[in-house]
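For reference, the structure discussed in these notes is given below.
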Amino acid sequence: MARNSLLDRFRPVGAPGPAGPAGVPATDDEGMAAELIPVFESLDATISESRGRTESAEAQAQQTVAAARRQAAALVEQARMDSAAVRADAAARVSAEAAREDEQLLAAAKEEAETLRRQGESRVPELASAIVADLVQDLLGRGTDTGE
């Protein structure tokens, strides 16, 4: 005896009126598996659809990962190229700064040398006088020693 639904297995219990027999599931010769076959058959389409969606999502995820890897590789390569340019720029700045410092040191050294030259030149007459006076004294002193 085939049933239309799962609920048909149960006899009505607790209906208004005199007390009736207790409700228990009716048994079928086909068993529970026969009852569940239509349920699982109705799920087949949903399972297939979800499998298809899962496969599609996995393929899309693989494409996204591959695109991200390509983009990351491009970014790394660009960073390598940029780093060479940045290093060259930094080296040029350091070199220019060193050249400016060298120019400043050279200018300071020239200025100091000029100051020393002026000081030396200003002392020439005084030192020449002192040297000539020492020479004259030495000569005069020797001349008197030899004459006696």
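Read the figures in this text as sums done on the coordinates, not as results from a lab. Fair warning: this is a prediction, and the values are worked out from it, not measured in the lab.
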Q | Length added when fully stretched, D134-E112, from 0.36 nm per residue minus Cα-Cα | A | 4.8 nm
Q | Rule-of-thumb Rg ratio for the stretch 34-148 [Cα; 2.2 N^0.38 Å; N residues] | A | 3.57
Q | Full-extension gain in nm, E55 to E126, via 0.36 nm per residue minus C-alpha separation | A | 15.1 nm
